[in-house]
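Visitor: Below is the structure I would like to discuss, written out as structure tokens.
The values are calculated or read from the model by the stated rules, or taken from the named source; none is laboratory data. Predicted, not measured: the structure shown is a model, and the values here were computed from it. Cβ: placed from backbone, ideal geometry, glycine included. Neighbour counts: every protein chain shown. Just so you know, the surface numbers come from the protein's heavy atoms only, side chains and all, with ligands and any DNA or RNA stripped out. Shrake-Rupley method; radii C 1.70, N 1.55, O 1.52, S 1.80 Å.
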Amino acid sequence: MHINIDHIRIVNIDNIIEETPSIRTLIFRDKLSSNAHPGQFLMVWIPRVEELPLSVMISDKKMHAAITIRKGGFGSTALFNKKVGEIIGIRGPYGNHFTIIKNMKKALLIGGGTGLVPLMRLATKMNEFGINSTFVMGARSKTEVFFEKQANRFLKNTKHKVIVTTDDGSYGFKGSATDTLATIIKEEKFDRVYTCGPELMMKKVFALASEYSVSVEASLERYMKCGIGICGSCCVGEQLVCKEGTVFNEKDLRLMTEFGRIYRDKTGRKSHIVDYN
Amino acid sequence: MKQNSKYNNDILRVNISSLSLRNPTILASGFLGISQELFNKLYRYGVGAVVSKSISTQPMEGYKNPTVVSLGNGSYLNAVGLSNPGAESFSKEVISNKQVPLIISLVGSTDSDFLPMVKKFDHLNICGYEINLSCPHVTQMGMEVGDDPEMVNRIIKTVKSYSRKPLFVKVGVGNSDIIAVAQIAKDAGADGITAINTIRAMTIDIETSMPILSNRIGGLSGKPIKSIGIRCVYEISKKLKIPVIGCGGVFTWEDAVEFMLAGASAIQLGSVIGYEGIIAFSRITSGIKKYLERKGLKNAMELIGLAHKY
Ligand SMILES: Cc1cc2nc3c(=O)[nH]c(=O)nc-3n(C[C@H](O)[C@H](O)[C@H](O)COP(=O)(O)OP(=O)(O)OC[C@H]3O[C@@H](n4cnc5c(N)ncnc54)[C@H](O)[C@@H]3O)c2cc1C
Ligand SMILES: Cc1cc2nc3c(=O)[nH]c(=O)nc-3n(C[C@H](O)[C@H](O)[C@H](O)COP(=O)(O)O)c2cc1C
Ligand code: FES
């Protein structure tokens with residue numbers, strides 16, 4: 001039967017993984033999401049509460065996928081508090097995705113917070129294509145580190161390195177993820193840098209990669225209502241993040257005067273981005 | 001601009017009141033409508049004019065998501081709740097507008113809301129206003145205002161007393177007779193009517209028994225409302241002899257031509273963008289052009305109201 005991806009599909013939460021005290025992964029059965037490309041997102045309906053755009057997380061179970069949610073405001077907390085056996089609605093997957101260059105040898109993945117989610121699905125692709133990868137994960141402190149084990153597992157068939165940084169030095173390298181990037185990008189040659197996380201972090205990643213003439217793909221977040229390219233709320237300049245993104249390359253980013261600078265709120269008003277840790 | 005020359009085609013040029021558009025396709029309010037950079041892109045892609053998202057005096061957050069539900073078969077249900085950045089912020093957004101024929105959609109509860117807004121926009125490079133009297137899902141704004149004849153009269157007179165720019169009134173299918181509201185608008189001095197807005201509707205998820213829209217009830221757009229739009233345009237233009245802009249379910253050039261035959265001087269595109277993106281504008285204009293050539297007509301305006309005589 002043909003499924004219209006724009007129609008809400010009700011799914012059952014089969015399993016929940018506690019990643020950190022404020023981050024959980026909810027696993028559900030859905031064939032379309034299990035085949036999502038890295039970087040795509042779902043519009044997740046928390047019935048009678050909210051609908052939120054969330055990256056598609058990978059699940060080990062066949063025909064299953066997941067979402068990884070950080071508890072914050074109203075909608076995300078309601079989702080975080082869902083129990084096994086409860087239901088949510090999903091539509092999608094939407095958006096474009098990270099791409100792999102032909103004959104690619106070495107990739108660098110760098111992200112922080114729930115920005116790691118799309119990079120995890122990408123990591124499984126790196127594994128599949130035998131591309132050597134360095135994965136830099138930034139967190140504030142030890143209690144907020146997650147996905148380190150999974151990343152090592154997802155990359156197990158290739159030569160890989162998973163580097164964790166914490167701002168306070170309570171785990172891994174002390175400092176920001178971009179501090180580490182600044183060191184390794186000097187020493188090693190990468191075919192492409194992939195990034196998702198706080199936008200000012202991505203802006204630094206973009207600047208560093210440009211300095212060393214390395215290609216970049218960044219997955220952006222904007223306020224989304226429809227997720228399907230009609231309402232315009234997710235615009236960055238003339239681009240719609242839900243449709244033409246969420247992944248943009250160095251050529252797009254160079255032309256985006258609002259990248260790393262301007263975010264539109266629910267009303268559509270512009271404000272300056274100040275989200276970096 | 002050279003890249004636009006292919007869109008400068010006299011056969012497609014239409015005049016509506018004092019507006020002259022290079023072609024009859026207009027972006028409907030609420031679609032893509034908050035970013036000047038997007039307006040510029042739409043113009044590069046061949047749009048005849050752009051109507052902004054409906055703007056209110058103060059910024060509005062609108063309803064919680066879900067605010068837009070895709071119903072399939074070319075239709076959507078929405079209750080965005082008129083979220084918009086507010087007149088102050090939006091006037092700064094469009095201050096840099098150079099070449100886009102931009103119509104500002106305004107929404108408010110009373111006549112006193114409109115004057116301060118018009119004062120913020122009137123000196124900018126915009127080509128007119130569309131007063132939204134027909135949003136079907138926000139109380140005391142839109143449709144409920146449209147149902148109050150005295151208020152409609154006062155709002156239009158207020159805007160007209162200050163601005164010389166053309167004013168269009170957007171009407172919908174609701175409690176009041178659409179012709180009666182259009183008549184009041186005309187008598188108060190409106191330069192044209194846009195018909196129609198979305199129509200009150202609802203959808204329920206059968207697994208959870210829950211309405212999907214956070215506001216429960218919203219407005220239906222797209223293919224299912226086209227024939228209602230055609231009827232409204234036909235009746236308004238025939239009875240009132242006022243320029244009408246047709247809107248509702250235009251997906252193809254055939255739909256656009258049908259609206260013009262019913263009496264529309266131009267047509268607005270909305271829901272089709274969800275299916276085709278902004279390519280829809282140039283595709284529909286080139287279809288209209290071929291039709292005009294095949295029929296041996298010299299200009300698109302010759303189509304307007306041709307069906308009235310039968
Ligand atoms: C493409 C994309 C992928 C995302 N992936 C993830 C993910 O995998 N895990 C995760 O935890 N979060 C993800 N987010 C962020 C998530 O959508 C929410 O923004 C976040 O969970 C906050 O929700 P809240 O209920 O706490 O928001 P609120 O407390 O209501 O608002 C706080 C802030 O959250 C943001 N926000 C709220 N609603 C939306 C919305 N509809 N669209 C975009 N931003 C919104 C706004 O910046 C808002 O100011 C993603 C966002 C986007 C756009
Ligand atoms: C998501 C969405 C938002 C809308 N917002 C507005 C608005 O702010 N003001 C307005 O006058 N009409 C608004 N409309 C109605 C459209 O302008 C148009 O009248 C309606 O969608 C019918 O045209 P269509 O079938 O081509 O979509 C909105 C419609 C949708 C789907
Ligand atoms: S979220 Fe509506 S256009 Fe992107």
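Visitor: Looking at B:128, B:174, B:108, can you tell me which residue is at pLDDT 95 or above and under 18 Å from the mean Cα position of the chain (by Cα)?
Guide: B:128
Visitor: Would you mind stating whether residue B:106 is in contact with a helix residue (DSSP H, G or I) (Cβ under 7 Å, 6 or more places away or on another chain), open to solvent by 40 Å² or more (accessible area, probe 1.4 Å) and more than 9 Å from chain A (Cβ to nearest Cβ)?
Guide: It is false that residue B:106 is in contact with a helix residue (DSSP H, G or I) (Cβ under 7 Å, 6 or more places away or on another chain), open to solvent by 40 Å² or more (accessible area, probe 1.4 Å) and more than 9 Å from chain A (Cβ to nearest Cβ).
Visitor: Residues of segment A:225-249 being small (Gly, Ala, Ser) and within 11 Å of ligand 1 (Cβ to nearest atom), which ones?
Guide: The answer is A:227, A:233, A:245.
Visitor: Pick out the one residue from B:71, B:27, B:21, B:32 that is surrounded by fewer than 24 Cβ atoms within 10 Å (Cβ to Cβ), of a type outside the set (S, T, N, Q), closer than 21 Å to residue B:274 by Cβ and in contact with a Leu (Cβ under 9 Å, 6 or more places away or on another chain).
Guide: Of the residues listed, the single one that is surrounded by fewer than 24 Cβ atoms within 10 Å (Cβ to Cβ), of a type outside the set (S, T, N, Q), closer than 21 Å to residue B:274 by Cβ and in contact with a Leu (Cβ under 9 Å, 6 or more places away or on another chain) is B:71.
One line per residue, one yes/no per condition, for (1) modelled with pLDDT under 95; (2) surrounded by 23 or more Cβ atoms within 10 Å (Cβ to Cβ):
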position	(1), (2)
A:7	no, no
A:42	no, yes
A:51	no, yes
A:56	no, yes
A:60	yes, no
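The rows are residues; the columns are (1) buried (at least 17 other Cβ atoms within 10 Å of the Cβ); (2) away from ligand 3 (no atom under 16 Å from the Cβ).
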{"position": "A:139", "(1), (2)": "yes, yes"}
{"position": "A:159", "(1), (2)": "no, yes"}
{"position": "A:164", "(1), (2)": "yes, yes"}
{"position": "A:178", "(1), (2)": "yes, yes"}
{"position": "A:202", "(1), (2)": "yes, yes"}
{"position": "A:223", "(1), (2)": "yes, no"}
{"position": "A:227", "(1), (2)": "yes, no"}
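Visitor: For residue B:119, all conditions in the list (1) closer than 24 Å to residue B:277 by Cα; (2) of a type in the set (D, E, K, R); (3) more than 14 Å from chain A (Cβ to nearest Cβ) hold save one; what is the number of the exception?
Guide: Every listed condition holds for residue B:119 apart from (1).
Visitor: Can we say residue B:224 is open to solvent by 10 Å² or more (accessible area, probe 1.4 Å) and more than 14 Å from chain A (Cβ to nearest Cβ)?
Guide: Spelling it out, residue B:224 is indeed open to solvent by 10 Å² or more (accessible area, probe 1.4 Å) and more than 14 Å from chain A (Cβ to nearest Cβ).
Visitor: Just to verify a result, which residue in segment B:57-95, among those that are without any contact (Cβ under 8 Å) to a residue 24 or more places away in the chain and among the charged types (D, E, K, R), is nearest to the other protein chains (Cβ to nearest Cβ)?
Guide: B:61
Visitor: Based on this model, can you work out whether residue A:243 counts as surrounded by 21 or more Cβ atoms within 10 Å (Cβ to Cβ), within 13 Å of ligand 3 (Cβ to nearest atom), assigned by TED's automatic domain parsing to the domain that holds residue A:140 and of a type in the set (Lys, Arg)?
Guide: No, not satisfied.
Visitor: Under the condition of being facing chain A (nearest Cβ under 7 Å) and more than 18 Å from residue B:219 (Cβ to Cβ), which residue from segment B:24-39 is farthest from the chain's Cα centre (by Cα)?
Guide: Only one residue tops the list, namely B:37.
Visitor: Continuing with this model, one more query. For residue A:234, which of the numbered conditions (1) away from ligand 3 (no atom under 16 Å from the Cβ); (2) in contact (Cβ under 8 Å) with a residue 12 or more places away in the chain; (3) among the hydrophobic types (A, V, I, L, M, F, W, C) fails to hold?
Guide: For residue A:234, the failing item is (1).
Visitor: Pick from segment A:250-264 the residues that are open to solvent by less than 50 Å² (accessible area, probe 1.4 Å) and within 14 Å of ligand 1 (Cβ to nearest atom): which of them is farthest from the other protein chains (Cβ to nearest Cβ)?
Guide: Among those that are open to solvent by less than 50 Å² (accessible area, probe 1.4 Å) and within 14 Å of ligand 1 (Cβ to nearest atom), it is A:262.
Visitor: Assuming residue B:256 fulfils every condition listed in (1) over 16 Å from the mean Cα position of the chain (by Cα); (2) at pLDDT 95 or above apart from one, which condition is it?
Guide: (1)
Visitor: Check whether at least one residue in segment B:258-265 is open to solvent by 10 Å² or more (accessible area, probe 1.4 Å), within 14 Å of chain A (Cβ to nearest Cβ), more than 16 Å from ligand 1 (Cβ to nearest atom) and not small (Gly, Ala, Ser), and report yes or no.
Guide: No, because not a single residue in segment B:258-265 is open to solvent by 10 Å² or more (accessible area, probe 1.4 Å), within 14 Å of chain A (Cβ to nearest Cβ), more than 16 Å from ligand 1 (Cβ to nearest atom) and not small (Gly, Ala, Ser).
Visitor: Then there's this: Can you pull out every residue in segment A:224-247 that is more than 13 Å from ligand 2 (Cβ to nearest atom) and at the interface with another protein chain (Cβ under 7 Å from one of its Cβ atoms)?
Guide: A:235, A:237, A:238
Visitor: So residue A:143 fits all but one of (1) on the phi > 0 side of the Ramachandran plot; (2) away from ligand 1 (no atom under 16 Å from the Cβ); what number is the exception?
Guide: The single condition residue A:143 does not satisfy is (1).
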